[in-house]
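The values are calculated or read from the model by the stated rules, or taken from the named source; none is laboratory data. Predicted model, so just to flag it, every value in this text is computed and none were measured. Neighbour counts run over all protein chains shown; Cβ positions are idealised from the backbone, glycine included. Keep in mind that these areas ignore ligands, DNA and RNA; they rest on the heavy atoms of the full protein, side chains included. Shrake-Rupley method; radii C 1.70, N 1.55, O 1.52, S 1.80 Å.
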Amino acid sequence: MKKRIKKKEIKLSDIIEDEIKQNSIRQGFSKNLIKYTKNLIKKKTHTHKDFTDIPFVTIDGDDSKDFDDAVWSKNDKNQTKVMIAIADVSHYVSENDPLDVEAKKRGNSFYFPDRVIPMFPSEISNDICSLLPHKERKCIVIEVNFKSDNLQDFKIHRAIIKSVARLTYSEVEEVYKKKNTKNKHFKLIASLFETYFMLKKKSEERGKIFFSSDEYKIQMISDKDFKFKKKISLQSYYLIEEFMVLANSVVGNFLKKNKIKSLFRNHEKPSKEKINNLKKIINESDINFSSNFQRQNDFNNFLKKIKKENLFFFNEILLRSQSKAYYHENNKGHFGLSINDYVHFTSPIRRYSDLVVHRSVINAYFENEKTNNVIISDHLNIQEKKADYIERRIMERACSVYLKKISRYEFVGFVDAIESFGVFIKSIDYPFSGLARFRSHNFRSNSKSKDNLFKVGQLVKFKIKKNNVYSGKILLDKIKVIENEKF
């Protein structure tokens, strides 16, 4: 009798390693480049002002290691002063030097559940350009002054700062919500929140679209074990987002106004095809809402409606109706944020696009030059798509592995999309989708016609027919419509 060969257990780390290799991600740095990087710490400056008396703080996730932005604000009667400090990577990394050439090839850092493949060596990303607490760091500081909640003026500084604390989103949230006045940073945190509420109101007034959707992250427990954790929507996260949007828009406006060639972050209106498809789904779902979806407020009004009527599945559909944001030398504006001139400026440690913008600003603002020759957007867009694709692939394959381990017979989900060959169903309790092919005939409903059986958003029960841990593709079976209910 032949011995059955036990299949090797697939670990998440194996999946990540496989995706890195499959997508030819550059890993590690040469000894010469590391040596070159270590010498940069000695680089002196005569152009950076002393801002070490300003109590900047960084606010990031619990597991963050590179801190490229710090914030501070002060509210006095009807005056608000905001300072956003961004690591001055351009001081250390000159255009076309060895570090720059390597960073340009990578385009961005790649983040995985168990590791980071950085754009720069750790000496840059985790040390000399990381805004670590109580360490002097060179930055570009965007100073914005508001009067009666209206932007009055702005200044750009090259400065040395010293962050007074490395705070986390959850920590900041707790201090503010509990009004913990004993916390030594309470006064600053309260001021940051006051500024955030003002910025949020301005975002609402100009028409920024406030999308929301369930996001999951993979949390490593051990090399072999992991779990899915739903990201919690904290106000502190949106606080930092609004501060970064402010800095990016101020810089974008400066570049556009002064006709400086650089890299803009464009997000165009949804295409006619996508809008028509969205309207079709709304009609088929018997939702009473009439709009051409040509303006940001059309989306915001619909988002309010689906929240009121508990139609959460439409958050995903609305997100899919949007155009993909991209980098380009020509400015087309950012539809989602409702901003005419927008750039990525706030993450030069992990995005090469931001470093390009930094150089554009420095050349124009401090050196009165407009010589930055930018022809790199296509490559950066490809690298960004690659990072998104790998993240999606790892999540799909991780879900397949996870589902093999849990003993669950039936799942609940909603119809996410309908094609001629079958329906895609998204699970409610786990971050996976699967395909139920029409030809399987394993559909159950009181409806006699399969053509009228499904609508996007319908709640269904389903079972897993096939689960391929190598491809991450999941086939579903025994689909049963939960009658008279929507998710």
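If you go through the range 343-391 and keep only what is under 19 Å from the mean Cα position of the chain (by Cα), part of a loop (DSSP other than H, G, I, E, B) and charged (D, E, K, R), you end up with just 350. Specify which of the listed residues (107, 61) is on the phi > 0 side of the Ramachandran plot and among the small types (Gly, Ala, Ser). Among 107, 61, only 107 is on the phi > 0 side of the Ramachandran plot and among the small types (Gly, Ala, Ser). Checking residue 105 against (1) out of contact with any strand residue (DSSP E or B) (no Cβ under 7 Å at 6 or more places or on another chain); (2) assigned to a loop (DSSP other than H, G, I, E, B); (3) of a type outside the set (Ser, Thr, Tyr), which test does it fail? Among (1) out of contact with any strand residue (DSSP E or B) (no Cβ under 7 Å at 6 or more places or on another chain); (2) assigned to a loop (DSSP other than H, G, I, E, B); (3) of a type outside the set (Ser, Thr, Tyr), the lone unmet condition for residue 105 is (2). Of the residues making up the range 308-342, those that are part of a helix (DSSP H, G or I), open to solvent by 60 Å² or more (accessible area, probe 1.4 Å) and either farther than 28 Å from residue 281 by Cα or not hydrophobic (A, V, I, L, M, F, W, C) (or both) number 2.
Condition check ((1) of a type in the set (A, V, I, L, M, F, W, C); (2) open to solvent by 50 Å² or more (accessible area, probe 1.4 Å); (3) within 25 Å of residue 236 (Cβ to Cβ)) across all residues:
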position: 42; (1), (2), (3): no, yes, no
position: 63; (1), (2), (3): no, yes, yes
position: 66; (1), (2), (3): no, no, yes
position: 69; (1), (2), (3): no, no, yes
position: 75; (1), (2), (3): no, no, yes
position: 105; (1), (2), (3): no, yes, no
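Would you confirm whether any residue within the range 330-350 is of a type in the set (D, E, K, R), closer than 30 Å to residue 127 by Cβ and touching a helix residue (DSSP H, G or I) at 6+ places or on another chain (Cβ under 8 Å)? Yes; the residues of the range 330-350 include at least one that is of a type in the set (D, E, K, R), closer than 30 Å to residue 127 by Cβ and touching a helix residue (DSSP H, G or I) at 6+ places or on another chain (Cβ under 8 Å). In the range 281-307, the qualifying residues are those that are at pLDDT below 90 and among the charged types (D, E, K, R), and the one that is nearest to residue 351 (Cα to Cα) is 307.
Inspection of the range 144-167 identifies at least one residue that is within 21 Å of residue 75 (Cβ to Cβ) and hydroxyl-bearing (Ser, Thr, Tyr).
Of all residues in the range 50-61, those that are surrounded by fewer than 12 Cβ atoms within 10 Å (Cβ to Cβ) and either in a loop (DSSP other than H, G, I, E, B) or in contact with a Lys or Arg (Cβ under 9 Å, 6 or more places away or on another chain) (or both) total 1.
The residue pairs whose first member lies in the range 390-401 and is in contact (Cβ under 8 Å) with a residue 12 or more places away in the chain and within 13 Å of residue 227 (Cα to Cα), whose second member is in a helix (DSSP H, G or I) and of a type in the set (S, T, N, Q), and whose beta carbons are closer than 6 Å, counting only pairs six or more residues apart or on different chains, do not exist in this structure.
Looking across 160, 142, one residue alone is of a type in the set (Val, Ile, Thr) and either open to solvent by 60 Å² or more (accessible area, probe 1.4 Å) or under 17 Å from residue 347 (Cα atoms) (or both). It is 142. Is it true that some residue in the range 189-198 is of a type in the set (A, V, I, L, M), open to solvent by 30 Å² or more (accessible area, probe 1.4 Å) and touching an Asp or Glu at 6+ places or on another chain (Cβ under 8 Å)? No: the range 189-198 contains no residue that is of a type in the set (A, V, I, L, M), open to solvent by 30 Å² or more (accessible area, probe 1.4 Å) and touching an Asp or Glu at 6+ places or on another chain (Cβ under 8 Å).
If you check 240, 221, 209, which single one turns out to be among the hydrophobic types (A, V, I, L, M, F, W, C) and either surrounded by fewer than 16 Cβ atoms within 10 Å (Cβ to Cβ) or more than 28 Å from residue 321 (Cα to Cα) (or both)? Just a single option satisfies the conditions, and that option is 221. The residues of the range 268-307 that are more than 26 Å from residue 341 (Cα to Cα), open to solvent by less than 100 Å² (accessible area, probe 1.4 Å) and in a helix (DSSP H, G or I), listed by number, are 276, 277, 278, 279, 281, 282, 284, 305, 306.
Take the conditions (1) modelled with pLDDT of 90 or more; (2) open to solvent by 30 Å² or more (accessible area, probe 1.4 Å); residue 432 misses just one of them, which is (2). With respect to the conditions (1) over 30 Å from residue 403 (Cβ atoms); (2) part of a helix (DSSP H, G or I), residue 72 falls short on a single one, namely (2).
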